[in-house]
Amino acid sequence: MSLSDRFSKIFLLLEKNYPEFRGGLTNYSSPFQLLIATVLSAQSTDKQVNSITKKLFSRFPDPEAFASSSISEIENSISRVGLYKNKAKYIFELSKHLIAQNNSIVPISIPELVKLPGVGRKTANVLLNDWFNIHEGIAVDTHVKRLSYRMGLTDKTDPNKIEEDLREIIPSENWGQITHLFISHGRVVCKAQKPSCKTCFLLNLCPRVGVLEE
């Protein structure tokens with residue numbers, strides 16, 4: 001069975017078992033707010049980010065609000081997420097960049113998005129896939145990285161290389177959805193420390209069965 005054929009079977013089973021999942025970040029009402037929430041999610045859980053974004057976006061709803069504040073004020077508002085000092089600096093600089101270079105409008109292409117401070121391909125892909133329904137690539141987070149390797153879809157460790165491999169296998173119409181499906185499966189079944197291989201509905205399609213639970 002080819003990788004593409006095996007992925008097709010994997011995708012159908014994931015879609016069947018996780019029909020409702022649409023992303024773990026909440027409390028945003030604009031592409032700018034989703035962009036900031038995604039920047040905050042690096043090295044933090046969605047739960048941590050969601051715990052601060054309602055209040056954060058009430059105080060800082062747009063680039064102008066962040067840019068007219070100070071880095072220390074932003075730090076105080078996001079201190080419950082990991083790497084908050086670096087993220088505060090990125091958010092401040094990102095907001096100023098959007099105002100100066102983009103008339104406060106969030107760009108809608110990966111090359112333009114990754115020019116923004118603190119924005120890499122993963123963040124850019126999340127924004128394009130989840131807000132604009134534009135599928136230029138696949139967002140590779142820790143779950144996607146882990147499951148792609150375990151399922152034999154890549155042997156790479158670099159997220160950009162993993163994305164390249166996945167794009168060769170996965171049809172472009174599935175690029176936006178696959179990240180959420182892998183996240184769901186990674187949280188529920190294919191966990192980092194104790195994967196539930198024996199009860200996994202992908203049991204017959206996974207080349208790592210019998211290795212991960214030993």
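The values are calculated or read from the model by the stated rules, or taken from the named source; none is laboratory data. These numbers come from a predicted model, not from an experiment. Here the Cβ is made from the backbone with ideal geometry for all residues, glycine too, and neighbour counts use every protein chain on show.
Working carefully through the options V144, V114, find the one that is out of contact with any strand residue (DSSP E or B) (no Cβ under 7 Å at 6 or more places or on another chain) and either within 25 Å of K9 (Cβ to Cβ) or touching a residue at least 24 places away in the same chain (Cβ under 8 Å) (or both). Lay out the reasoning, then the answer.
Working: V114 fails: either within 25 Å of K9 (Cβ to Cβ) or touching a residue at least 24 places away in the same chain (Cβ under 8 Å) (or both).
It is V144.
When the residues of region 93-113 are narrowed to those that are of a type in the set (S, T, N, Q) and not in a helix (DSSP H, G or I), which ends up surrounded by the most Cβ atoms within 10 Å (Cβ to Cβ)? Walk me through it before giving the result.
First pass over region 93-113, keeping only residues of a type in the set (S, T, N, Q): 95, 101-104, 109.
Cutting the leftovers down to not in a helix (DSSP H, G or I) gives us 103-104, 109.
Working: N103: 8, S104: 14, S109: 12.
By that ranking, first place goes to S104.
Output the number of the condition that S69 fails; it satisfies all remaining conditions of (1) among the small types (G, A, S); (2) buried (at least 16 other Cβ atoms within 10 Å of the Cβ); (3) part of a helix (DSSP H, G or I).
(3) is the only condition that S69 fails.
Determine if region 113-129 includes at least one residue that is within 24 Å of L166 (Cβ to Cβ) and in contact with a Lys or Arg (Cβ under 8 Å, 6 or more places away or on another chain).
yes
Tell me which of these L56 doesn't satisfy, since it passes every other one: (1) in contact with a Ser or Thr (Cβ under 6 Å, 6 or more places away or on another chain); (2) assigned to a loop (DSSP other than H, G, I, E, B).
Of the numbered conditions (1) in contact with a Ser or Thr (Cβ under 6 Å, 6 or more places away or on another chain); (2) assigned to a loop (DSSP other than H, G, I, E, B), the odd one out for L56 is (2).
Tell me which residues, restricted to region 1-37, are small (G, A, S) and without any contact (Cβ under 8 Å) to a residue 12 or more places away in the chain. I'd like the intermediate steps shown before the answer.
Here is the first cut: in region 1-37, the ones small (G, A, S) are 2, 4, 8, 23-24, 29-30, 37.
Of everything in region 1-37, those that are small (G, A, S) and without any contact (Cβ under 8 Å) to a residue 12 or more places away in the chain turn out to be S2, S8.
If I filter region 175-185 for residues that are farther than 16 Å from F7 by Cβ, free of Cβ contacts under 8 Å to residues at least 24 places away in the same chain and surrounded by fewer than 22 Cβ atoms within 10 Å (Cβ to Cβ), do I get at least one hit?
So in region 175-185, the residues farther than 16 Å from F7 by Cβ come out as 183-184.
This time we only want the ones that are free of Cβ contacts under 8 Å to residues at least 24 places away in the same chain, so: none.
No: zero hits.
A quick yes/no check of all residues on (1) farther than 22 Å from I134 by Cα; (2) modelled with pLDDT of 95 or more; (3) in contact with a helix residue (DSSP H, G or I) (Cβ under 8 Å, 6 or more places away or on another chain); (4) in a helix (DSSP H, G or I):
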position: I10; (1), (2), (3), (4): yes, yes, yes, yes
position: L13; (1), (2), (3), (4): yes, yes, yes, yes
position: F21; (1), (2), (3), (4): no, no, yes, no
position: G24; (1), (2), (3), (4): no, no, yes, no
position: S44; (1), (2), (3), (4): yes, no, no, no
position: K47; (1), (2), (3), (4): yes, no, no, yes
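Mind listing whichever residues of region 177-190 are farther than 11 Å from V140 by Cα and within 15 Å of the chain's Cα centre (by Cα)? Walk me through how you get there before you give the answer.
Of the residues in region 177-190, the ones farther than 11 Å from V140 by Cα are 177, 181, 184-190.
Hits for region 177-190 are Q177, L181, S184, H185, G186, R187.
Quick check on my filter: what residues within region 119-150 are part of a helix (DSSP H, G or I), assigned by TED's automatic domain parsing to the domain that holds D46, out of contact with any Pro (no Cβ under 7 Å at 6 or more places or on another chain) and aliphatic (A, V, I, L, M)?
Hits for region 119-150 are A124, V126, L128.
Confirm whether A37 is of a type in the set (A, V, I, L, M, F, W, C), at pLDDT 95 or above and either under 30 Å from L181 (Cβ atoms) or outside any helix (DSSP H, G or I) (or both). Walk me through how you get there before you give the answer.
On the way: of a type in the set (A, V, I, L, M, F, W, C): yes; at pLDDT 95 or above: yes; either under 30 Å from L181 (Cβ atoms) or outside any helix (DSSP H, G or I) (or both): yes.
For A37, the condition - of a type in the set (A, V, I, L, M, F, W, C), at pLDDT 95 or above and either under 30 Å from L181 (Cβ atoms) or outside any helix (DSSP H, G or I) (or both) - is met.
Do the conditions hold for K87, that is, is it out of contact with any Leu (no Cβ under 8 Å at 6 or more places or on another chain) and among the charged types (D, E, K, R)? Walk me through how you get there before you give the answer.
Working: out of contact with any Leu (no Cβ under 8 Å at 6 or more places or on another chain): no; among the charged types (D, E, K, R): yes.
When the stated conditions are applied, K87 does not pass them.
Quick one: would you say S4 is within 27 Å of L181 (Cβ to Cβ), in contact with a helix residue (DSSP H, G or I) (Cβ under 8 Å, 6 or more places away or on another chain), modelled with pLDDT under 95 and of a type in the set (S, T, N, Q)?
Working: within 27 Å of L181 (Cβ to Cβ): yes; in contact with a helix residue (DSSP H, G or I) (Cβ under 8 Å, 6 or more places away or on another chain): yes; modelled with pLDDT under 95: yes; of a type in the set (S, T, N, Q): yes.
Yes, satisfied.
Give the residue, chosen from L153, L116, that is over 17 Å from the mean Cα position of the chain (by Cα), buried (at least 21 other Cβ atoms within 10 Å of the Cβ) and either part of a loop (DSSP other than H, G, I, E, B) or among the aromatic types (F, W, Y) (or both). I'd like the intermediate steps shown before the answer.
Details: L116 fails: over 17 Å from the mean Cα position of the chain (by Cα).
One residue alone meets the criteria, L153.
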